[in-house]
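K.L.:
Sharing a structure here in structure tokens format.
The values are calculated or read from the model by the stated rules, or taken from the named source; none is laboratory data. A quick note: this is a predicted structure, and the numbers were derived from the prediction, not measured. FYI the Cβ positions are ideal-geometry reconstructions off the backbone, even for glycines, and counts take in every protein chain you see. In case anyone asks, the SASA skips ligands and DNA or RNA and just uses the protein heavy atoms, side chains included. Shrake-Rupley method; radii C 1.70, N 1.55, O 1.52, S 1.80 Å.
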Amino acid sequence: QVQVVESGGGLVQDGGSLRLSCTVSGRISRIDSMGWSRRVPGKQRESVAGISRDGSANYADFVKGRFTISRDSAKNMITLEMDSLKPEDTATYHCNVRARVLSWVAAADYWGQGTQVTVSS
């Protein structure tokens, strides 16, 4: 069983900062990639940022220069530093992990329950 747990959401004013964390636990053979996406009720889920096994990061255009994703492989954890937050960043942020539970089994995607980020104007 793989558990994905997010933390760090909250309420912040326009222009403020927040840090989200995501920790993966359970029987894992290998983590291929981790990342963050967000969802607003009534809208499609948006990919926000991701980081691969080799540490290379990618960002959605709407967060480039404001958000930074980092990874602590020893702790199976990633963080998302969010600066210059805007009201339109308000959403539930979900951590997603692509991992293998056994080396010979294909990788699967695992998701956390999400953490709410609210940016007030």
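K.L.:
Being surrounded by 12 or more Cβ atoms within 10 Å (Cβ to Cβ) and aliphatic (A, V, I, L, M) is the filter here, so list the residues in the stretch 91-107 that pass it.
P.N.:
Selection gives Ala91, Val97, Ala99, Val101, Ala107.
K.L.:
With open to solvent by 50 Å² or more (accessible area, probe 1.4 Å) and within 13 Å of Val12 (Cα to Cα) as the only criterion, which of Glu81, Glu88 stands out?
P.N.:
From the options Glu81, Glu88, the qualifying one is Glu88.
K.L.:
Same structure, new question: Looking at (1) surrounded by 15 or more Cβ atoms within 10 Å (Cβ to Cβ); (2) within 13 Å of the chain's Cα centre (by Cα), which is the one condition that is false for Gln116?
P.N.:
(1)
K.L.:
Spot the failing condition for Val48; the list is (1) at pLDDT 95 or above; (2) within 15 Å of the chain's Cα centre (by Cα); (3) open to solvent by 20 Å² or more (accessible area, probe 1.4 Å); (4) under 19 Å from Ala91 (Cα atoms), and only one is missed.
P.N.:
(3)
K.L.:
With Val24, Val12 as the choices, which residue is surrounded by 19 or more Cβ atoms within 10 Å (Cβ to Cβ) and of a type outside the set (S, T, N, Q)?
P.N.:
Val24
K.L.:
Please determine, by comparing only the residues of the stretch 51-78 that are of a type in the set (Asp, Glu) and open to solvent by 70 Å² or more (accessible area, probe 1.4 Å), which one is farthest from Met34 (Cα to Cα).
P.N.:
Asp61
K.L.:
Kindly provide the set of residues from the stretch 35-45 that are farther than 8 Å from Ala91 by Cβ and either hydroxyl-bearing (Ser, Thr, Tyr) or surrounded by 13 or more Cβ atoms within 10 Å (Cβ to Cβ) (or both), ordered by number.
P.N.:
Listed by number, the residues that qualify are Gly35, Trp36, Ser37, Arg45.
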